[in-house]
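The values are calculated or read from the model by the stated rules, or taken from the named source; none is laboratory data. In this text, all values refer to a predicted model and were calculated from it rather than measured experimentally. Because the Cβ atoms are built from the backbone with ideal geometry, glycine has one as well, and the counts that use them run over all protein chains shown. Surface accessibility is based on the protein's heavy atoms, side chains included, excluding ligands, DNA and RNA. Shrake-Rupley method; radii C 1.70, N 1.55, O 1.52, S 1.80 Å.
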Amino acid sequence: MNILAIESSCDETAVAIVRDGREVLCDCIASQVDLHRIYGGVVPEIASRKHIEAIYGLADQALQQSQLTRSDIDAVAVTYAPGLIGAVLVGVNFAKAAALAMQKPLIPVHHIRGHIAANYLAYPELEPPFLCLVVSGGHTMIVEVKDYTDMNILGTTLDDAAGESFDKVARVLGMPYPGGAALDKAAKLGDETKYTLPRSKPGENPYNMSFSGLKTAALNLIHHAEQVGEELDIPSLCAAFSAAVSDTLVPRVVLALRQTGYRKIAVAGGVAANSRIRADILTAAKELGAEVYMPPLSLCGDNGAMIGAQAFYEYQAGNIADMGLNAYATKSILGETL
Ligand code: KG4
Ligand code: ZN
């Protein structure tokens, strides 16, 4: 089954064609990152307009690259939630038009379910059940993937997402948007013991997390150094910050593996590209004898292929939309409107 998959929830317009949920025939991306960088973050209105400009040409390019014609496409899938609403609407409208014109089923895909499904592309042998640490720009949670479309959230951030806090600290340090990758790079040259940053333990649920206290502590440290004229050791601060984020995430993953008895842990989302988090997950999983699944960096960030992968399983579960499909800025990974 060849699925034409569309992703436009943030600042990447992406169109992919994925066969049977596992084989990527093409994965075309038009990134707007350079455009938004001058503003220090994504400008929603500009993002929507750029999606409109790019999406048709990208779909054409996807067919050409995979040497398919429209008649070879069996279904159209699209990210319908969550994301910048104007941006998601562009993808949803395009997907509806394409499905209608080709008379093919329309499959709605939750963006975060897509991130999790990136693991199916990287690991053809991976099947649920498994645990997944989802760490993206807008989401941070530990998900029990019971089946391809049956999930349970064990814990989530109660405030900022990990990616948001990486980006904020990077921005104040003068790094270009999105700063997570630049902060990660700088951290490799630093000494994490030079600065002390907090690790928070919010609420009763041991799997829940919080990053706003950590973010504020890092920002205060930077501003204080500026005020007293102290030279900041940026690589060491980046190393201390990355260590604190990882120390918030990884022990909860370990607890989840221990308590649930799962022996497979996957990671997903843009922040899953972080070298410190990847290294700590590998070490922890080795100690527990658990299998680790980490998509290559190209599949951690937003892409169309991950949407095509999840769409195959949504289709099998009967999750097909009609022309009334709407777009949602927020929606739980379990499908509830928030
Ligand atoms: O999943 P994603 O591409 O978009 C969302 O769905 O939000 O994640 C983007 C986030 C940004 O916050 C970006 O700074 C972060 O992923 N990111 C990283 C790294 N690479 C990307 N954060 C930390 N370390 C990295 N190496
Ligand atoms: Zn994403």
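When each of Gly174, Gly180 is tested for being farther than 30 Å from Arg19 by Cα and more than 14 Å from ligand 1 (Cβ to nearest atom), the lone residue that passes is Gly174.
Condition (residue is within 12 Å of ligand 1 (Cβ to nearest atom), touching a Phe, Trp or Tyr at 6+ places or on another chain (Cβ under 9 Å) and under 15 Å from Val145 (Cα atoms)) applied to the range 259-267: is it met by at least one residue? Taking every residue of the range 259-267 in turn, at least one turns out to be within 12 Å of ligand 1 (Cβ to nearest atom), touching a Phe, Trp or Tyr at 6+ places or on another chain (Cβ under 9 Å) and under 15 Å from Val145 (Cα atoms). The criterion of at least 3 residues that are surrounded by fewer than 21 Cβ atoms within 10 Å (Cβ to Cβ) and at pLDDT 95 or above is met by the following helices (runs of 4 or more DSSP H) wholly inside the range 10-125: 44-65, 85-102. Only one of the numbered conditions (1) open to solvent by 20 Å² or more (accessible area, probe 1.4 Å); (2) more than 25 Å from the chain's Cα centre (by Cα); (3) free of Cβ contacts under 8 Å to residues at least 40 places away in the same chain is not met by Thr196, and that is (3). Only one of the numbered conditions (1) within 13 Å of ligand 1 (Cβ to nearest atom); (2) among the polar types (S, T, N, Q); (3) farther than 24 Å from Gly269 by Cα is not met by Gln32, and that is (3).
Of the residues Leu214, Leu189, Leu221, the single one that is touching a Phe, Trp or Tyr at 6+ places or on another chain (Cβ under 7 Å) and either at pLDDT 95 or above or crowded, with 19+ Cβ neighbours inside 10 Å (or both) is Leu221.
Going by the conditions given, is Ala97 more than 16 Å from ligand 2 (Cβ to nearest atom), without any contact (Cβ under 8 Å) to a residue 60 or more places away in the chain and not assigned by TED's automatic domain parsing to the domain that holds Gly213?
On the way: more than 16 Å from ligand 2 (Cβ to nearest atom): yes; without any contact (Cβ under 8 Å) to a residue 60 or more places away in the chain: yes; not assigned by TED's automatic domain parsing to the domain that holds Gly213: yes.
Yes.
Among the residues of the range 127-171, those identified as among the hydroxyl-bearing types (Ser, Thr, Tyr), outside any helix (DSSP H, G or I) and either under 30 Å from His224 (Cα atoms) or within 16 Å of ligand 1 (Cβ to nearest atom) (or both) are Ser136, Thr140, Thr156, Thr157.
For (1) free of Cβ contacts under 8 Å to residues at least 24 places away in the same chain; (2) surrounded by fewer than 21 Cβ atoms within 10 Å (Cβ to Cβ); (3) not polar (S, T, N, Q), each residue gets a yes or a no:
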site	(1), (2), (3)
Gln259	yes, yes, no
Tyr262	no, yes, yes
Ile307	no, no, yes
Asn319	no, yes, no
Gly324	yes, yes, yes
Ala329	no, yes, yes
Leu334	no, yes, yes
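Selection of the range 286-328 for residues being farther than 16 Å from Ile116 by Cβ and among the acidic types (Asp, Glu) yields Glu287, Asp322. The one condition from (1) in contact with a strand residue (DSSP E or B) (Cβ under 6 Å, 6 or more places away or on another chain); (2) under 30 Å from Val33 (Cα atoms); (3) away from ligand 1 (no atom under 16 Å from the Cβ); (4) open to solvent by 20 Å² or more (accessible area, probe 1.4 Å) that Tyr315 does not meet is (2).
Identify the residue in the range 142-177 that is surrounded by fewer than 23 Cβ atoms within 10 Å (Cβ to Cβ) and within 16 Å of ligand 2 (Cβ to nearest atom) and, among all such residues, is nearest to Ala285 (Cα to Cα). The extreme case among them is Thr156.
Checking each residue in the range 224-242 for being open to solvent by less than 60 Å² (accessible area, probe 1.4 Å) and not hydrophobic (A, V, I, L, M, F, W, C) picks out Asp233, Pro235, Ser236, Ser242.
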